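Take a look at the structure set out below.
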Amino acid sequence: MNEEHGSAEFELVGEAPYYATIFTTRMTSDLDGYDEMADHMAELVSARKGFLGMHSARGDDGLGITVCYWQTEEDITAWRTDLEHQKAQDGGRDRWYAQYTVEVARVDRTIEFRRPN
C-alpha cells in the first residue's frame, strides 16, 4: 500500500483510552480534484480540538484506509459536522467514492513493537 494524506510513521498517538475513526474507501475512476481536497481536509483536521493523529494508506486497487485518532467522541462529532468537511463528504459521495464505511472505536490499550537498529 502507498502512503496517502497521512503520516507514514507508526507513532503512538497518546495514552489510552482514546477514539479512532476508521474510514475505509473504494475509489471511482473520477479522481479529478480528490488529492487537493484530501490534502486540504488533512490540513484542517490536524488543527481540530481533540485530534491526535492520522495514518492513511491506499493500495493500487483503489482500496484505502484512513484512521484518525481523537481524544473524545464529542471531538469526532464536531469534525463530522464541520461545514468544510461536510462539503468534502458531499464531493466524495458525488464523485470520488464508489463505496465507503466509517467505523468509530474506543481504543483501550495499545501494544507497540520496534526492532532495535
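The values are calculated or read from the model by the stated rules, or taken from the named source; none is laboratory data. Keep in mind that what you see is a predicted model, and the values were worked out from it rather than measured. All Cβ positions, glycine included, derive from the backbone under ideal geometry; neighbour counts span all protein chains shown.
Residue count for segment 96-117, restricted to those that are aliphatic (A, V, I, L, M) and in a helix (DSSP H, G or I): 0.
I'd like the residue in segment 53-85 that is among the hydroxyl-bearing types (Ser, Thr, Tyr) and in contact with a strand residue (DSSP E or B) (Cβ under 8 Å, 6 or more places away or on another chain) and, out of all such residues, is farthest from Tyr97 (Cα to Cα). Working first, answer last.
Just the residues of segment 53-85 that are among the hydroxyl-bearing types (Ser, Thr, Tyr), to begin with: 56, 66, 69, 72, 77, 81.
When the remaining residues are screened for being in contact with a strand residue (DSSP E or B) (Cβ under 8 Å, 6 or more places away or on another chain), the result is 56, 66, 69, 72.
On the way: Ser56: 16, Thr66: 14, Tyr69: 22, Thr72: 27 Å.
Of everything passing the filter in segment 53-85, Thr72 is farthest from Tyr97 (Cα to Cα).
Checking the condition out of contact with any Ser or Thr (no Cβ under 7 Å at 6 or more places or on another chain) and among the hydroxyl-bearing types (Ser, Thr, Tyr), which residue from Thr66, Thr81, Thr101, Thr24 passes?
Numbers: Thr66 fails: out of contact with any Ser or Thr (no Cβ under 7 Å at 6 or more places or on another chain); Thr101 fails: out of contact with any Ser or Thr (no Cβ under 7 Å at 6 or more places or on another chain); Thr24 fails: out of contact with any Ser or Thr (no Cβ under 7 Å at 6 or more places or on another chain).
Sole residue among the options that is out of contact with any Ser or Thr (no Cβ under 7 Å at 6 or more places or on another chain) and among the hydroxyl-bearing types (Ser, Thr, Tyr): Thr81.
Among the residues of segment 76-95 satisfying the criterion of being among the acidic types (Asp, Glu) and part of a helix (DSSP H, G or I), which is surrounded by the most Cβ atoms within 10 Å (Cβ to Cβ)? Among those residues, the one meeting the criterion is Glu84. The one condition from (1) exposed (fewer than 14 other Cβ atoms within 10 Å of the Cβ); (2) under 30 Å from Phe113 (Cβ atoms) that Tyr19 does not meet is (1). Checked against (1) in contact (Cβ under 8 Å) with a residue 24 or more places away in the chain; (2) of a type outside the set (D, E, K, R); (3) farther than 19 Å from Val13 by Cα, Leu83 passes all but a single condition, namely (1).
The rows are residues; the columns are (1) modelled with pLDDT of 95 or more; (2) on the phi < 0 side of the Ramachandran plot; (3) among the aliphatic types (A, V, I, L, M).
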site	(1), (2), (3)
Ala38	no, yes, yes
Glu74	yes, yes, no
Val107	yes, yes, yes
Arg115	no, yes, no
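For segment 54-73, the condition holds for at least one residue, the condition being that it is surrounded by 15 or more Cβ atoms within 10 Å (Cβ to Cβ), touching a Lys or Arg at 6+ places or on another chain (Cβ under 7 Å) and outside any helix (DSSP H, G or I).
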